[in-house]
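Written out below as C-alpha cells is the structure these notes cover.
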Amino acid sequence: MEFITDKQTLVDLNLMGKYKTGSLFNLFNRVKTRGGELLMEEMFRSPLTNAEAINKRTACIKYLQELDINFTIDRELTENASQYITEARPANIVSSTLSCYKEKTQEVLYRSQKFQIQQKRIYAVQEVLLAASNLLGQLIKKGKEHNPCSEMQNKLNRIIRSSSVKHLKAKYPYTVQQTAQCQYLFRNKVRYELEELLHVLYEFDVFISVAEVAKAKGFIYARAKDKTAGLLIEATNLKHPALPNAVGNEITLKQNQNLLFLTGANMAGKSTWMKTLGVSFYLAHMGFPVGADSMTFSVMEGIFTSINVPDDISIGWSHFYAEVMRVKLVAKEVSDGKKLFVLFDELFKGTNVKDAYDATLAVTQRLCRYKSCAFVISTHIIEVGEALMDTSNIQFYFMPTIMKETVPHYTYSLTSGITKDRQGMIIIENEKILDMLK
Amino acid sequence: MNYLRTDEQTLCDLSIFEKPGKASIYDLYNRTVTQGGGSRLASLFRQPLADEQEINRRSDLFQFFSLEEYKFPVDAVTIGSVAYYMDNDDVRSQLQPGGETLSQKFKNMVAADADHVFVEDGVQACLRLFHQLTSFLKKLENRVPHSPYENLYGSLVRCVHDAAFDHLKKHVSEKHETRLSNFILAELDKQIRFDHRELILKLLDMLYDLDVYIAVGQVACKKSFHFAKALPQDGSILKFAKVYHPYVENAIPNDLQLSSEHNILFLTGANMAGKSTLMKSIGIALYLGHMGFPVAAEHLEFSVRDAIYTSINLADNLNAGASHFYAEVLRVKEVAMALSQEKKIFVIFDELFRGTNVKDAYDATISLTRAFTNKTGSQFIISTHIMEAGELLAEESLSIQYRYLPTEMKGNTPSYTRILKEGITDDRQGMIIIQNEGILEMLDAGIQKKELELWNS
C-alpha cells in the first residue's frame, strides 16, 4: 500500500530537492554514493505504511548510530563498478578471453583506450569489495551477534566470503588473462550477487548517513504502532529538524481528541509549528529520526497539508477557489475512510470574513468526527474557536505574543486556549503610519 | 523634465512589462519595426511623464498618427543593416579606394572578402533607406502642415535633404541593388560612416522616434483606444468613462470619477466578481495616460500625479522573515511617507490587510481610510472583504464613494455582471461555492456510512 500525499504537501514541508536550501533531503543527505542518494530519494518519495517495517528500519539506523561505524567508499569508483557489472555479459570464459585479447591487440596497434578502461573498472569493483569487507569487519567487531542489521550483514558476509570472490588474487595492473578472468567473474558468475552487494551497500550508506545526522543534531527515533488504544500522535519537545534553536512543543492527538485548533498573531509561529508537525510525522513514517524527546504514533495512510496554497491564475482559479478544491480533495479521501493526518493553515483566508467563518466552522465540525484521522487547523478568525468550544474532541492551543512596551516578542511555546492577541494595530502604530497622515 | 514615480511593485501589479507566461501591456503596444524603436518604446514605459503640457504634446503627436493608416516606411532588414553598419566606426575597416589587383579579383570570385561584403551590404542598405524614405515623405507632405507633427517632419525633411547627402542620393535608383564599382563603394563608405556620421545617426534617431509614433498611433486606430487629456497638477480630477482591461476579451466598461470632494473609492464585491480586474484596468489606463498613450477607455481626464502606488498582488517575503501582513504594512508606510511630503498621488489597495485577523484588519482599514480622506489632493481606490468597515465609515459623512461589483445568483451558480453599482455589497458566494462542490455532503455521507457500519457490526 502506498502512502498518500501530493505535490502541494511535499512543497509545503520542503521535503525533496537536492538543490533546495533547507530541504529535509538535504538535511539528511550525507551519503557517499550516488546509488545511496537515489535510494534515499526513493525513501523520501515513498514512506512506509506498516509499523513493523518502520520500526525495523528505525532499529537499523539506531543500531548503526550506536556502533559509530566509519564507512568510507569512493563515489566515483562505486559508480564505475556499478556500471561495469551491468555491461554486456560474456557467455563463458573463452569468449571473455577472446575479447580481452582483442582489446589488448587494439591497444598495441592503435592505442585504443578500451583495455585501459576495463582495467580501471575492474579495479573499481575490487575497491568496492574492499570497502564492503572493511564495513563488514567493523560490523562484526563492534556489533552484537543478533542485531537489527543482521539480515543486511549476512548478505554482505555471504557474498564477500563466497569462494570465487574470496580467492581472487589479481592485482592492478592485470595481465590479459587476469582481466578475462575478472570480467567473466564479475559480469557473469557473481553478477547478481554483486548487484545485491551494491544495493546493500547503498542501504548501509543511507542508514549510516542518517545515523550521523541524528547523532550530530541529537535526534531521536519515533515508535510506530499499528493498533493503538486511541492514540494517534504523541510527542514531547518536538522541534523542526531543519531549524537551529527551534523551541520544542508538545502534542497529543487521540481518537477522542483528534483535532488541534491553533490560533495566534502574525509571526507568532503558527505555520512553523504546523510544518514541524507535518515534517516529523512524515519523517517518522520513513523510519527516520525526528527532533524531539519522544514520539509515538499510530501508522496512518497519508498526509495532506495546505500551508502555502498558491492561486492558480493560469487556470483562472482565485485563491479562495484553489483552497476550496484542496479541501474537497481532502474531504474525498477522508470520507472514503482513509486514515490521514491533515494540516490546514489559515483555512479560507481568500474570502470575506463571514464566509470564512461559516466555512471554517462547518468544515471543522465535520472533520473532527472522523476519529481515525488527525487534524490541525489554524485560523485568524478566533470567533470560530469560540463557537467550537463545546466540541469535546477539539483541543485549543495558541502561540502567544508578549508585548514589551510596544515591541512584540514571540515565545513560540504552545499555550492552551484561544489567543486574544492582536498585534496588527500595534505594528501599524510602531511604523508610525497614522502619524504621517495627520 | 518631471517624471511620474513608480516602482517594481506597481509595474508588476499592472503587468506593464513581461513576466514569463503573462501578456504585458508593453507587448500590446509594441508594434515597432525597428529594434531601436522597441527599446525607445520600453524607455517611454519606464518613464511616464508628470508634466501636463509635455503629456498632451506627446499625446497629440500619437493622435496624428492614429487618424489614418500608416506604415513605417523602411523595412526592418534595411534599417537593421544600416544600424549594424554604422556601429562599426573603426577606421581600419574602411574600404580602400583604388583598383583591385588581379589576385583580389580572383579571390572575390572564389569567395567574397568579409570586409568588402560588410561595406557593400551597409552602403546598399543606406541607399534603400533613402529610397524608401523619400517616397514616404512625399506622401506625407500635404497632411503635415498645421499638424502636431509639423516641426518634427520639418527637421526630418531637412536632414534627408541635407546637401551632404547629394552625392549619395545620385546613386539611389528605382532599380534594386545596382552593382557599384569598388571605387564608388569606397567613396560612399567614407562619406556615410565617417564624414557625415553624425548626420546619419541623427537620421536613424529620428526614424526610431517615427517608428514609435506610428506603432502607438496605429494601435490606437486598430483597437479603437482613445487619448487621455492631462490637466494641471494642482487640480484633483480623475474622470474615467467606459474604462476596461485591454487584455480581457469582451471586457465590460465602467465609469468612474474621483475629485477632491470624493477622493476615495471604497470597493466591495464577492470573490471573482472582478474587483482586481477593475482596479488593474484603472491603474493601467492612468499609467498609460501619463505616458501620453492611447488608453482602453472612451474618455479619460486626469490631473497629473506625482506617483502611482498599487498593492494588488503583494507577495510575502518569507525568506526575509516578513509575513504577508508586514509586507502590506510596509507598503502602506511607503504611501504614507509620500503623502506626508505633500505629494499628489494615486493609490490602489486591493484587499487591504488580508494577512491579519479580522479585528485588526477592520480597525486598520477604518483608521487608514479615515486618514486618507484628509488628503484631498490625492486619490485612492481601496477594496476589501470586510464590508463592515465600509458600513461604519458610511455613517460618517466622509469624502468616500461606495461602489460594488454585484453577483447575481442563477439558481445555484453565481453570475457576474461586472458593472459598478453604488453602495456596499454583502454578496457572499464563498459558502455557495463550497456547497456547489458538495464538500459538506461528502463529509456527512462518510460519517453516516461509518456509523451505519458500527451499527451493523
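The values are calculated or read from the model by the stated rules, or taken from the named source; none is laboratory data. From a predicted model like this one, the values you see are computed outputs, not experimental measurements. Virtual Cβ from ideal backbone geometry, glycine too; neighbours counted across all protein chains shown.
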Checklist entry - If you go through segment B:145-202 one residue at a time, how many are buried (at least 17 other Cβ atoms within 10 Å of the Cβ) and touching a Pro at 6+ places or on another chain (Cβ under 6 Å)? => result 1
Checklist outcome for this item: Of the listed residues (B:A241, B:A215, B:A251), the one being outside any loop (DSSP other than H, G, I, E, B), more than 30 Å from B:A125 (Cα to Cα) and within 22 Å of the chain's Cα centre (by Cα) is B:A241
Checklist entry - Listed residues B:T384, B:T407, B:T425; which is touching a residue at least 24 places away in the same chain (Cβ under 8 Å), facing another protein chain (nearest Cβ under 9 Å) and of a type in the set (S, T, Y)? => result B:T384
Checklist entry - Scanning for something hydrophobic (A, V, I, L, M, F, W, C), in contact (Cβ under 8 Å) with a residue 40 or more places away in the chain and either in contact with a strand residue (DSSP E or B) (Cβ under 8 Å, 6 or more places away or on another chain) or within 11 Å of chain B (Cβ to nearest Cβ) (or both), does segment A:349-360 turn up at least one residue? => result no
Item to check | Candidates B:T369, B:T365, B:T376 - the one that is surrounded by fewer than 17 Cβ atoms within 10 Å (Cβ to Cβ), of a type in the set (V, I, T), at pLDDT 80 or above and closer than 16 Å to A:L437 by Cβ | outcome: B:T376
Item to check | Answer residue from segment B:428-449, given it is farther than 13 Å from A:V363 by Cα and among the polar types (S, T, N, Q) and is modelled with the lowest pLDDT among those | outcome: B:Q429
Checklist entry - What single numbered condition from (1) part of a helix (DSSP H, G or I); (2) more than 20 Å from A:I61 (Cα to Cα); (3) under 24 Å from the mean Cα position of the chain (by Cα) fails to hold for A:D205? => result (2)
Checklist entry - If you go through segment A:153-211 one residue at a time, how many are of a type in the set (V, I, T) and over 23 Å from A:F288 (Cα atoms)? => result 7
Checklist entry - Which condition number does A:E346 fail, the rest of (1) facing another protein chain (nearest Cβ under 7 Å); (2) crowded, with 20+ Cβ neighbours inside 10 Å being met? => result (1)
Item to check | Candidates A:E107, A:E103, A:E42, A:E66, filtered to the one that is in contact with a Ser or Thr (Cβ under 8 Å, 6 or more places away or on another chain), acidic (D, E) and either surrounded by 13 or more Cβ atoms within 10 Å (Cβ to Cβ) or at negative phi (or both) | outcome: A:E103
Checklist entry - Among the residues of segment A:154-176, is there at least one that is polar (S, T, N, Q), in a helix (DSSP H, G or I) and within 36 Å of the chain's Cα centre (by Cα)? => result yes
Checklist entry - So which residues in segment A:381-430 are within 11 Å of another protein chain (Cβ to nearest Cβ), in a loop (DSSP other than H, G, I, E, B) and surrounded by fewer than 17 Cβ atoms within 10 Å (Cβ to Cβ), if there are any at all? => result A:K420
Checklist outcome for this item: Counting only strands (runs of 3 or more DSSP E) entirely within segment A:208-311, those with at least 3 residues that are away from chain B (no Cβ under 14 Å) are A:223-225, A:231-238, A:249-254, A:294-298, A:302-306
Checklist outcome for this item: Sole miss for A:A374 among (1) within 29 Å of the chain's Cα centre (by Cα); (2) surrounded by 22 or more Cβ atoms within 10 Å (Cβ to Cβ); (3) over 17 Å from A:W273 (Cα atoms) is condition (3)
Checklist outcome for this item: Over segment B:437-446, the set of residues surrounded by fewer than 16 Cβ atoms within 10 Å (Cβ to Cβ), part of a helix (DSSP H, G or I) and facing chain A (nearest Cβ under 9 Å) is B:D444, B:A445
Checklist entry - For segment B:387-399, what are the residues that are facing chain A (nearest Cβ under 10 Å) and either basic (K, R) or out of contact with any helix residue (DSSP H, G or I) (no Cβ under 8 Å at 6 or more places or on another chain) (or both)? => result B:M387
Item to check | Selected residue (only one of A:L367, A:L340, A:L329 is facing chain B (nearest Cβ under 10 Å), touching a Cys at 6+ places or on another chain (Cβ under 9 Å) and of a type in the set (A, V, I, L, M)) | outcome: A:L367
